[in-house]
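*Asks:* Once you've had a glance at the structure underneath, I'll fire off some questions.
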Amino acid sequence: MSRIVKSFIESIGVYLPARQATTAEILDGCVNPVRLPLERLTGIRSRHLAGESEFSIDLATKSIEDCLQRASFGPDEVDLLICANISRYDGPGTVGYEPSTAVSLKKQFGFERAIALDISNACAGMWTAVYIADAMIRGGTVKHCLIVSGEYISYLTDTAQLEIVDSMDPQIASLTLGDAGVTIAMGPSPSSDVGFHDIELCTLSQYSRHCVAKPTNQPHGGAAMHTDPIKITAAVVPHFTALADQMLSRNGWQMQQIEHIV
């Protein structure tokens, strides 16, 4: 009997912009005082912010470069490239959807043989891409995959600083955001004991109204994100526990065997 192929992450590349801002600095930049111990509540002391000439595709590019330095394969061996970031701000005042970011990166790095595509699934984009890559590796369709995200999203903080009126404002979550690039290289695992044993995603679209990003209606312009963290938590936790129980059961695992939960 042939061995069941698992996928695994063989290398990770990251890029963190040099510019940083502390939570205290972000709060000080709000037009209206925010009486909230944000650093203590979130654990976020500082975040990295893209420079004036850095945008989504730049963050993605630098993370790919970092990842390929440790990958076992070169640019001419990449079979699949998935770009999963939310933001598509690739230049000053420019949001691009065609050509896709993945196609642009494929051309830039010379990934000649790669299937290249973008996906958009909000904060679950990276794991959705992992889910797709895992299925294609297990099916033998592809071997070497890169999943990349260049997330330039701190402009939501700029809007929030102008518009937040108090500590219960729905834009409070926007004060926690930062910018970064990440790339993971995936391939078939060398051992059946190593790699992804099971992956399950659950879409809860009925709760999507609890976190909505849209253009602001204020004269200064820009984009704003409105979030209700209490309702999000109340909605997600019951579904998460049920999903986790299903996954443990179908793999014959007991909760006592789990050593780490993120």
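*Asks:* Could you give the DSSP H helices of the chain that reach 24 angstrom or more along their long axis (alpha carbon positions) and whose average Kyte-Doolittle hydropathy is no lower than -0.5? Mind dumping the intermediate values first?
*Replies:* On the way: long enough: 229-251 (32 Å, 0.41).
Passing helices, by number: 229-251.
*Asks:* While we're on this one: Say a paramagnetic label sat at a point 7 Å from the Cα of Met255, along Cα to Cβ; which residues of the stretch 227-244 have their backbone N under 17 Å from it?
*Replies:* Within reach of a label on Met255: 237-244.
*Asks:* I've got another one for you. By how many nm would the segment from Ser120 to Ile86 lengthen if fully extended, with 0.36 nm per residue of separation less the alpha-carbon distance? Mind showing how you got there, number by number?
*Replies:* Working: separation 34, 0.36 × 34 = 12.24 nm, distance 0.62 nm.
Length gained, Ser120 through Ile86: 11.6 nm.
*Asks:* For semi-axes √(5λ) of the Cα gyration tensor in Å, pick the label among [x] 34, 21, 18; [y] 40, 20, 14; [z] 34, 25, 16 that corresponds to the value derived from the coordinates.
*Replies:* Given [x] 34, 21, 18; [y] 40, 20, 14; [z] 34, 25, 16, the structure-derived one carries the label [z].
*Asks:* If you filter the stretch 139-206 for GluC sites (Glu not before Pro), then keep DSSP loop positions with at most 16 other Cβ within 10 Å, what is left?
*Replies:* On the way: sites: Glu151, Glu163, Glu200; in loops: Glu200.
When the GluC sites (Glu not before Pro) of the stretch 139-206 are filtered for loop state and at most 16 Cβ neighbours within 10 Å, Glu200 remain.
*Asks:* Now a separate question. Quick check on the stretch 80-198: take the gyration tensor over C-alpha atoms, sort the square-rooted eigenvalues as a ≥ b ≥ c, and tell me if it's rounded (a/c under 1.5), prolate or oblate. Intermediate values should be presented prior to the final figure.
*Replies:* Numbers: a/c = 3.37, a/b = 1.73, b/c = 1.94.
Note, shape of the stretch 80-198 comes out oblate.
Taken together, the values in this text are just the output of simple stated rules run on the coordinates, not laboratory data. Note that the coordinates shown come from a computational prediction; the quantities given were computed from them, not determined experimentally. FYI the Cβ positions are ideal-geometry reconstructions off the backbone, even for glycines, and counts take in every protein chain you see.
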